[in-house]
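Notes to accompany the following structure.
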Amino acid sequence: MRVAMLGSGNVASHLSKALIRSGNPVLQVWSKTHQNAIKLALEIGADSIVDLKEISNDVDLVIIAVADDAIAAVANLIQRKDWLVVHTSGSTECAVLNQHPKYGVLYPLQTFSKDVELDFSQVPLCIEANNKETENSLLQLGSTLSTNVRVINSLSRLNLHVAAVFACNFTNYLFSLSQNLLEKNDLSFDIIRPLIFETVKKIESNLPADVQTGPAVRNDRKTMQKHLERLQNEPEWQDLYRLISQSIVKKYQGS
């Protein structure tokens, strides 16, 4: 499929490169900030456009990869009605594009950073469409990009996105708090990397709930109190430690 990419952020960048590698040329790039569109277009050998009226007649697929709260507005600016139009959001309903006769969702379930390469063929792709014909088109496209393509409706995709925030975004934020705490005490983050890697490695073959460790799962109140005292100068971290610990104790100790 020949693609117009609307957006220039992390998802747009990785998805554009994956499309090109899989034989789906990205002909044009648009972004609210035109300089960003130029930059991505130069990276992938596409043309940059200033106005959505400039989308080429040669395009088969228009991908909207912008901030969630901008999807509807961008979709309304796409004037031609015979293109297949999709967005890439995990938390936005498919029906936000219902002004187009062929529309759907192509949601890659992964964390993307522009300068961090990854194997897109291993990225789960969540597909949704307004009819069977469009669904088949997206499944066919998805199969050129990834070995893991699934049809998932808007409600299930929203649940998946919430789970992803817990598993990825919140977890990474906790890593950053760990980094800050170590640095405040003249310790390197490198010393804790093996612990993080082993924690993640465990869930390759186990469910997270089955391998929980730490003072809270043992309801070791003495150790938890010591930790809270050490965090007395960081009240937000202290509150977060207390809240998560209480949740773990309730789950494993029932109290």
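The values are calculated or read from the model by the stated rules, or taken from the named source; none is laboratory data. It should be emphasised that the depicted structure is a prediction, and the values quoted were computed from it without experimental measurement. For neighbour counting, all protein chains shown are included, and Cβ atoms are generated from backbone atoms with ideal geometry for every residue, glycine included. To get the accessible areas, we keep the full protein, side chains included, count just its heavy atoms, and leave off ligands, DNA and RNA. Shrake-Rupley method; radii C 1.70, N 1.55, O 1.52, S 1.80 Å.
Of note:
- Take each peptide in 85-93, 189-197, 141-149, 25-33, count the other Cβ atoms within 10 Å of every residue, and average; sorted highest first, the result is 85-93, 25-33, 141-149, 189-197.
- Cβ-Cβ FRET estimate between residue 186 and residue 228, R0 fixed at 22 Å, reported to 0.05: 0.55
- Only Lys, Arg, Asp and Glu carry charge here, each on its Cβ (+1 for the first two, -1 for the last two); on that basis the chain has a dipole of about 620 debye about its Cα centre.
- Axis angle, to the nearest 10 degrees, between helix 154-164 and the longest C-alpha principal axis of the chain: 40 degrees.
- On the basis of the beta-carbon distance and an R0 of 30 Å, residue 131 and residue 32 show a calculated FRET efficiency of 0.50.
- Solvent exposure of the stretch 1-153 as accessible area per residue, Å², 1.4 Å probe: 47 Å²
- Sorting the segments 214-221, 235-242, 200-207, 64-71 by their mean number of nearby beta carbons within 10 angstrom, highest to lowest, gives 64-71, 214-221, 235-242, 200-207.
- Over 24 Å apart at the Cα level, from the set 184/250; 32/81; 226/250; 39/102; 53/132, are 184/250; 39/102; 53/132.
- The residues of the stretch 204-255 expose on average 78 square angstrom of accessible surface per residue, using a 1.4 Å probe on protein heavy atoms.
- If R0 equals 25 Å, the separation of the Cβ atoms of residue 153 and residue 82 corresponds to a calculated FRET efficiency of about 0.50.
- The smallest convex shape that holds all Cα atoms of the stretch 29-179, its convex hull, gives 133 Å³ per residue.
- Only one of (1) 162; (2) 149; (3) 135 was calculated from the structure for volume of the Cα convex hull per residue in Å³, and its label is (1).
- Full extension of the segment from residue 113 to residue 20, taken as 0.36 nm per residue of separation minus the current Cα-Cα distance, would add 31.6 nm.
- Sequence of 247, 137 when ordered by accessible area, the most exposed leading, probe 1.4 angstrom: 247, 137
- Within the stretch 81-187, percent of DSSP bridges classed antiparallel, to nearest 5: 45 percent
- Using alpha-carbon coordinates, inclination of helix 132-145 to the longest axis of the chain, degrees: 70 degrees
- Stretchable slack from residue 169 to residue 195, in nm (0.36 nm times residue separation minus alpha-carbon distance): 7.5 nm
- The angle separating the long axis of helix 34-44 from the principal Cα axis of greatest extent in the chain is about 90 degrees.
- Selection of trypsin sites (Lys or Arg not before Pro), the stretch 111-171, meeting DSSP coil and at most 16 other Cβ within 10 Å: 114
- Of all accessible heavy-atom area on the chain, the percent that carbon and sulfur account for (1.4 Å): 52 percent
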